[in-house]
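Structure first, then comments.
The numbers here are math on the coordinates, done by the rules we state, and not lab data. Note that the coordinates shown come from a computational prediction; the quantities given were computed from them, not determined experimentally. Cβ placement follows ideal geometry from the backbone for every residue including glycine, while neighbour counts extend to all protein chains displayed.
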Amino acid sequence: MIAGFFEYFGYPIYLVYPLAIAKILGLVAVWGNFSNWLKEWAYAGFFFDTVLAFFAHYLTDRNGYIFALVALTATMISYFFEKKARISAF
């Protein structure tokens, strides 16, 4: 099913597995709380992924971009609240 979406948006299918692995590693980095540097890079990856997803949805299906916009908003809210919580903890 995911490969079908990638084909619909014009992306190569071989990106499905590396992107899935990168998302899982990003979640481990954010939830694992290993280092702030690693967490910042994970959030950067999530941000770039959701921005590119938004534009892919917007350019191919004018009505389907709302979910990508919600994901982008949720990513930004998560980042800023986590960063605020980290700063106030010290």
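Worth a mention:
- Loop-located trypsin sites (Lys or Arg not before Pro) in region 1-62 (DSSP state not H, G, I, E or B) with no more than 12 neighbouring Cβ atoms inside 10 Å: ARG62.
- Relative contact order [Cα under 8 Å, 6+ residues apart], the chain, whole percent: 19 percent
- Computed magnitude of the charge dipole of the chain (debye, nearest 20; Cβ of K, R +1, Cβ of D, E -1): 300 debye
- Vicinal HN-Hα couplings computed from phi for region 72-78 (Karplus, 6.51 cos²θ - 1.76 cosθ + 1.60; Hz; Gly/Pro x): 5, 5, 5, 5, 5, 5, 4
- Listed options for mean projected area of the Cα convex hull in nm² are [x] 5.4; [y] 6.1; [z] 6.7. The value calculated from this structure is the one marked [y].
- Helix 36-60 and the longest principal axis of the Cα set of the chain meet at an angle near 20°.
- Against the chain, whose longest principal axis comes from its Cα atoms, helix 16-32 is set at around 20 degrees.
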